[in-house]
């Protein structure tokens, strides 16, 4: 850490730094609050996505109780072919966003399979999409939580270290400069008094 220079130039530099810190802090704190709100939203989205998965599984069991007795195999009936994730900018943080999703349905005979298989296919497609959405929501939450930790560290740095340190430096420099100014005034007065005494002595000799 560089040694503090006790000069007027350094005083001005510290004052400018303090102004900068005080100007930046409100914006940082606002961003921290906004990101904290986004974390709560992402956490709620994650819970909602998982609840949707659970609800779909329950719905399948309720609507299609015959699945337990049927010999029809669901394995491979619906498979995820591909999905596209784009970036979404939220308060300056890049987050994954599900842009599209494509599921492949295996060929099955409409005559050789029970009529409820069509409904099952739709439910399985819905469940597949919800699982992807849950994964993305969890990743969004993780990224936002990291962003909140980082911005909180910066806010704390400004509030607890940079601003108090600048204020202390300014006070220290002012005290030293004030003492030096008073000392110079006293020295000037003493010198003036000596010169006056010297002139008075010279006049007496004349």
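The values are calculated or read from the model by the stated rules, or taken from the named source; none is laboratory data. Note that the structure is a prediction, hence the values are computed from the model and not measured. Quick reminder, even Gly has a Cβ in these numbers, built from the backbone with ideal geometry, and neighbours come from all protein chains shown.
Worth pointing out:
- Identity of the residue in the range 101-119, touching a helix residue (DSSP H, G or I) at 6+ places or on another chain (Cβ under 7 Å) and modelled with pLDDT of 75 or more, that ends up nearest to residue 135 (Cα to Cα): 101
- Considering the range 150-166, and only residues there that are surrounded by 15 or more Cβ atoms within 10 Å (Cβ to Cβ) and in contact (Cβ under 8 Å) with a residue 12 or more places away in the chain, the residue that is farthest from residue 36 (Cα to Cα) turns out to be 166.
- In a residue-by-residue description of the range 177-199, the property of being assigned to a loop (DSSP other than H, G, I, E, B), modelled with pLDDT under 90 and either under 19 Å from the mean Cα position of the chain (by Cα) or loosely packed, with under 13 Cβ neighbours inside 10 Å (or both) applies to no position.
- Scanning the range 130-147 for residues that are surrounded by fewer than 19 Cβ atoms within 10 Å (Cβ to Cβ) and in contact (Cβ under 8 Å) with a residue 12 or more places away in the chain yields a total of 6.
- Residues of the range 16-33 that are in contact (Cβ under 8 Å) with a residue 12 or more places away in the chain and either in contact with a strand residue (DSSP E or B) (Cβ under 6 Å, 6 or more places away or on another chain) or surrounded by fewer than 16 Cβ atoms within 10 Å (Cβ to Cβ) (or both): 22, 24.
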